[in-house]
Amino acid sequence: MTRTTADARAAATEVLLANWRGDHTVPAAGLYPHQWSWDSAFIAFGLRHVSPRRARLELETLLGAQWTDGRVPQIVFDPAKGAEYSPGPSFWRSSEIPGSSPVASTAGFVQPAVHAWAALAVHESDPSGSDHARFLRRAYPRLVAWHAYLTERRDRGGRGLVSIVHPWEPGTDNSPLWDTVLASVPATPRDPFDRPDLAHAGDGERPSDRDYGRYYWLAERYRDHDCDDRDDAYPFLVEEPLSNALLARSELALAAIADHIGADPAPHRARAADLTAALDQLWHEELGIHTAADARTGELVPVATVNGLVPLVLPGIRHADRLVDTLTGPGFLGSGAQLVPSTAVTADAYDPRLYWRGPAWFNTSWLVAEGACVQGRPDVADGLRRAIVDLAAPGDHPEYVGPVDGTPHGTRRFSWTAALALDVLHGGRRS
């Protein structure tokens, strides 16, 4: 191990230790003072190299806040930090919602189901410790219930695809994938809203107040209907490739977990296959990528984003060769980008500084690297992994970066950036 590698590991480890809160890791001190769902999954991939016990606890804490309908909430709130993030626990009032978590104050939305994949990786980092703690045996029924919630309650279009009910759910908040459907949503929530995020990012790096008005209007509507997914008049129902691909990938992980604990893996493999096949409905032939669709009409959104590249993580995905060509073409890595732009540089909506409309994120680039390996392109994967390491520590583990010049943006000392850089530094590869 070179001195440079040792320093990079030490720097990433220090971020994770500093952001540890006793039973979970916050995404970043200040801007994100609570536990976020898919953040914890990505953090676990790296934290397992520091402490498998902490990585297990990270996921167990999150799953412990599960709702009775099976959903794993987007945010588990720290009651001591309630006023430091908006919308916080006083907005959601989750204890008043039937079926909410009986042990924690949470948001009502969800995020992508990366958790079974992360749980399997955490187990594999310390099999004896995991088995002794009965980690997989205890996590398995919760993960099964979580996936059942998504496949049974969220197939709002009836096409075998999970629908999101808010731009925050896939984690790519202000992606241009949502613009068309979001345009019909009022930007006038009843309650005034704060923007604490603006204190942690530069001008032009965060969504607009108009965007936030629509986000809050949708959150109010969802909350006021008790987060009930049967609200027929709900105006934002979108099928998108990132959430569905990660659910399918985690079903494959659940199959491996089931096999390990003596359960039946066959249903999980079948669901993974069904989701993989259903994703073909989101294929945009002209763009050569998966995109989003209005779940009510099936109409595709003609914009290429990183969400549409994430299906590369699935063995057997149709159009794999074409999708790799799109990844390496002028819209993405062929543009000279070091990491994968969140929106294609050739798209009209592209902005290299504005959150998910251009900048590159470490988690999605890590996912695409995993996918490149699945599709037999380790050369592409290795280039992305080198860039993850090269850009993480020098930028103080930024939230996201300019895709071409690597300029750091957003908050710093971001946990999943540190965790995934650490995973790469340890040679983590599960594909």
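The values are calculated or read from the model by the stated rules, or taken from the named source; none is laboratory data. Here the structure is a predicted model, which is why all the values come from computation and not from measurement. Using ideal geometry, Cβ is built from the backbone for each residue, glycine included, and neighbour counts are taken over all protein chains shown. SASA here: full protein model, heavy atoms, side chains in, ligands and nucleic acids out. Shrake-Rupley method; radii C 1.70, N 1.55, O 1.52, S 1.80 Å.
In terms of solvent-accessible area of protein heavy atoms at a 1.4 angstrom probe, what is the ranking of Asp325, Asp231, Asp78, highest value first?
Asp325, Asp78, Asp231
Using modelled backbone amide H atoms (1.01 Å from N, in-plane), which distant-in-sequence or interchain residues come within less than 5 Å of Tyr32's amide H?
none
Percent of accessible area on the chain owned by carbon and sulfur, 1.4 Å probe?
Percent of accessible area from carbon and sulfur atoms in the chain: 49.
Could you size up the charge dipole of the chain around its Cα centre, putting +1 on the beta carbon of Lys and Arg and -1 on that of Asp and Glu, and report it in debye to the nearest 20?
With Lys and Arg at +1 and Asp and Glu at -1, about 1020 debye.
Restricting to DSSP loop positions (anything but H, G, I, E, B) with no more than 10 other Cβ atoms inside 10 Å of their own Cβ, which trypsin sites (Lys or Arg not before Pro) remain in the stretch 52-89?
Counting only loop positions with at most 10 other Cβ atoms within 10 Å, none of the trypsin sites (Lys or Arg not before Pro) in the stretch 52-89 qualifies.
So for the stretch 283-415, Kirkwood radius off the Cα pairs, Stokes-Einstein at 10 °C and 1.306 mPa s: how many µm² s⁻¹?
Values: Rh = 14.8 Å.
So the translational diffusion coefficient is about 108 µm²/s.
Go ahead and set up a Gaussian network model of the chain, Cα springs under 10 Å, then flag whichever of Asp224, Asp390, Asp351 fluctuates most.
So, out of Asp224, Asp390, Asp351, the one fluctuating most is Asp224.
Roughly how many whole Å is it from the C-alpha centroid of the stretch 113-144 to that of the stretch 1-44?
With the stretch 113-144 and the stretch 1-44 each reduced to a Cα centre, they are spaced 20 Å.
For a quick check of understanding: with a 1.4 angstrom probe and all protein chains in place, what accessible area in square angstrom does Trp217 have, to the nearest ten?
Number for this one is 60 Å².
Build a GNM of the chain with springs between Cα atoms under 10 Å: which of Pro192, Pro89, Pro52 gets the top mean-square fluctuation?
Pro192
Just the Cα atoms of the stretch 67-208: what Rg and Dmax do they give in Å?
17.9, 54
Under a 1.4 angstrom probe, counting protein chains only, how are Trp67, Trp20 ranked by accessible area, largest first?
Trp20, Trp67
For Val238, list long-range residues whose amide hydrogen, built 1.01 Å from N in the peptide plane, is under 5 Å from its own amide hydrogen.
The list, which skips near neighbours in sequence, is Ile164, Ala295.
Val110's amide H: which non-local residues (gap 5+, or another chain) put their own amide H closer than 5 Å, with H modeled 1.01 Å from N in plane and none for Pro or chain starts?
Gln74
Roll a 1.4 Å probe over the protein chains and send me the accessible area per residue for the stretch 93-234 in Å².
Heavy-atom accessible area per residue stands at 41 Å².
Defining a contact as two alpha carbons under 8 Å apart and six or more residues distant in sequence, what relative contact order in percent does the stretch 85-202 show? Before the final figure, lay out the partial values.
Details: 64 pairs, mean separation 29.5, N = 118.
About 25 percent, as a whole number.
Just the number, please: Stokes-Einstein D of the stretch 218-369 in µm²/s, Kirkwood Rh from C-alpha pairs, 25 °C, 0.890 mPa s.
Value of D from the Cα-based Kirkwood radius: 146 µm²/s.
Among Val185, Ala393, Asn363, which residue has its Cα positioned farthest towards the positive end of the charge dipole of the chain, with +1 placed on the Cβ of Lys and Arg, -1 on the Cβ of Asp and Glu, and the dipole taken about the Cα centre?
Ala393
Using only DSSP helix segments of four residues or longer, with each worth -39500 (n - 2.57), what per-residue ellipticity at 222 nm results for the chain after dividing by its residue count and rounding to 500?
Roughly -13000 deg cm²/dmol at 222 nm, from the helical runs in the chain.
Could you check which residue among Arg206, Arg221, Arg142 shows the biggest mean-square fluctuation in a GNM of the chain with a 10 Å Cα cutoff?
Result: Arg221 has the largest fluctuation of those listed.
Which value, in Å² and to the nearest 10, is the accessible area of Phe42 when all protein chains are kept and the probe is 1.4 Å?
0
Using only the alpha-carbon atoms of the chain, report the extent along each of the three principal axes, biggest first, to the nearest angstrom.
Result, largest extent first: 56, 49, 45 Å.
Treating each Cα of the stretch 1-78 as an identical point scatterer and ignoring solvent, apply the Debye formula and state log10 I(q)/I(0) at q = 0.26 Å⁻¹.
With no solvent term, the Cα-only Debye profile gives -1.23.
For the stretch 276-325, what is the relative contact order in percent, using Cα pairs closer than 8 Å and at least 6 residues apart in sequence? Kindly include the intermediate steps, with their values, before the conclusion.
Details: 55 pairs, mean separation 16.6, N = 50.
Value for the stretch 276-325: 33 percent.
Among Ala113, Ala83, Val103, whose Cα projects farthest towards the positive end of the dipole of the stretch 1-125, with charges put on the beta-carbon of Lys, Arg (+1) and Asp, Glu (-1)?
Ala113
Probe radius 1.4 Å, ligands and nucleic acids left out: which of Cys373, Cys227 has the largest accessible area, and how do the rest follow?
Cys373, Cys227
Applying the Karplus parametrisation 6.51 cos²θ - 1.76 cosθ + 1.60 with θ = phi - 60° to the phi angles of the stretch 263-276, what ³J(HN,Hα) value in whole Hz is obtained for each residue in order, glycine and proline being reported as x?
Taking θ as phi minus 60°, the curve returns 8, 8, x, 4, x, 5, 5, 5, 5, 4, 5, 5, 5, 4 Hz for the stretch 263-276.
Rounding to the nearest 20 debye, state how big the charge dipole of the stretch 1-156 is about its Cα centre with +1 on each Lys and Arg Cβ and -1 on each Asp and Glu Cβ.
Computed charge dipole of the stretch 1-156: roughly 180 debye.
Shape call for the stretch 116-155 from the C-alpha gyration tensor, a ≥ b ≥ c root eigenvalues: rounded (a/c under 1.5), prolate (a/b greater than b/c) or oblate? Could you put the intermediate results ahead of the total?
On the way: a/c = 6.72, a/b = 2.47, b/c = 2.72.
Because a/c hits 1.5 or more and a/b fails to exceed b/c, the stretch 116-155 counts as oblate.
In whole Å, how far is the Cα centre of the stretch 386-431 from that of the stretch 64-107?
Value for the Cα centre distance between the two parts: 29 Å.
Could you give the size of the charge dipole of the stretch 155-271 about its Cα centre, using +1 on the Cβ of each K and R and -1 on the Cβ of each D and E, expressed in debye and rounded to the nearest 20? Don't jump to the answer; show the numbers that get you there.
Working: 13 positive and 23 negative charges, 53 e Å.
So the dipole magnitude of the stretch 155-271 works out to roughly 260 debye.
Can you give the accessible area of Asp274 in Å² (nearest 10), computed on protein heavy atoms with a 1.4 Å probe?
Roll a 1.4 Å probe over it and Asp274 shows about 100 Å².
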